[in-house]
1. So which of K79/K181; K208/K351; K117/K275; K114/K148 end up more than 28 Å apart, counting from Cα to Cα?
2. By the 4.7 Å beta carbon criterion, which cysteine residues of the chain come out unpaired?
3. Once label points are set 7 Å from the Cα along Cα→Cβ at both D173 and N270, what is their separation, rounded to one decimal in nm?
4. Considering all projection directions equally, how large on average is the shadow of the alpha-carbon convex hull of the chain, in square nanometres?
5. Among 280-289, 86-95, how do they line up from the highest to the lowest mean number of other beta-carbon atoms within 10 Å?
6. Zone of V74 (label point 7 Å along Cα→Cβ, backbone N under 19 Å): which residues in the range 87-127?
7. Quick one: what Rg and Dmax do you get for the range 186-258 from the alpha carbons, in Å?
8. Using the per-residue mean of other Cβ atoms lying within 10 Å as a proxy for protection, in what order, highest first, do the peptides 66-77, 128-139, 192-203 fall?
Amino acid sequence: MLQTLASGFIILAASAGIAEDALSFSDATPHRYTFTARASEIDPRAREHPEIEFVFEKKGKPADVQNASVDTKVPPVGKLVIWLMGHSEPLFERVNSYGMHAIQVHYANGWFGKFGKAEPADDSQFLGNIRLEAATGEDVSSVVSIPKPDSMMERSFQFVKWLTKTHPQGRWDYFIAEDGKSLRWDRVIISGSSHGSTTSARFAKQVKMDRVVMFCGPRDQYQTWQSLPSATPANRYFAFTHVLDGGWTGDHYCRSWELLGLNAFGPVVNVDKTKPPYENTRSLITDADVKGDAGRAHSSVVPGRAAVKNAAGNFIHEDVWRYLFTHPVDEIGTSTAHDPGCQLDLRAAAKK
């Protein structure tokens, strides 16, 4: 069950009877399974929030479709990846091949179009609080009202409960707490790209996760929530971006990485010039050829159409993706000092 500490962190309370049971599949026809389901059909409490462009249908098509997959041919490692962005089948194929379950949920993240560039100069937690409310359903922001059933936490929990009933041979029950009231967040890897990676990082500050995988992010360049005490240990955050991404050239990502404390676990490493395990670092970059296209650079770090391939037509960052999701968290690189070339106070820099 979840407990809120005086510090504001949410942790998973381990009851005396919880066993760290081994996970295995019993499937007469093992193969890779994929699922889709509408959030509004899974949970009747789900509601639309048109004030932040969060609705169940757009242009006559369902907008609340959620995705899940697992490969029962692969020995399970007992990790659930929750992806906070539009569904990425190439990414899900890969995390399934690592022995992981994966889901992508529809939660109230439409606020970004309205408030994403509205950061008050006197509120360094403004965007972080909106992200936290969207993720948890807790009333922490004064500008949005997102109830628990429409939060990422509850949508994920309800989806996994549905999957447990729909696909028992997939052992989705392994990720539900013993009291049946929440997910086992210590078995969850939270991940996303861009906006989704930023919310992943903010959520992991509040709830202890197994790991955080951040593609092209986090951002929120004028906010300071990145330096808050973290329920998830800092060595469990992993980041990857392209050097032509505007978030990198503008010092938004390097700033967040340092505020998160990632430089304590190794330097920024160019994966195209270093072999795995990339000095055991948490801060990974690429300068792979994207024809100078900053837009493509932003998306190129995630498996998909924008990702870079070699002459044989294979993705060049397969080892990087595996590293991000599977590298042992206790294996860390050499601590590095602040990079003087990375601006930490971007608001002050903008005034010059």
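What follows draws every value from the coordinates through simple rules; no lab data is involved. Only a predicted model underlies this, so the values are computations on that prediction, with no experimental measurement involved. Cβ placement follows ideal geometry from the backbone for every residue including glycine, while neighbour counts extend to all protein chains displayed.
1. K208/K351; K117/K275
2. Within the chain, the cysteines lacking a partner Cβ under 4.7 Å are C216.
3. Those two pseudo-labels are separated by 5.2 nm.
4. 19.0 nm²
5. On the way: 280-289: 21.2, 86-95: 18.6.
Going by the mean number of other Cβ atoms within 10 Å, highest first, we get 280-289, 86-95.
6. Residues 87-105 qualify, since their backbone N sits under 19 Å from the label point.
7. Rg, Dmax (Cα atoms, Å): 11.3, 34.
8. Highest to lowest by the protection proxy: 192-203, 128-139, 66-77.
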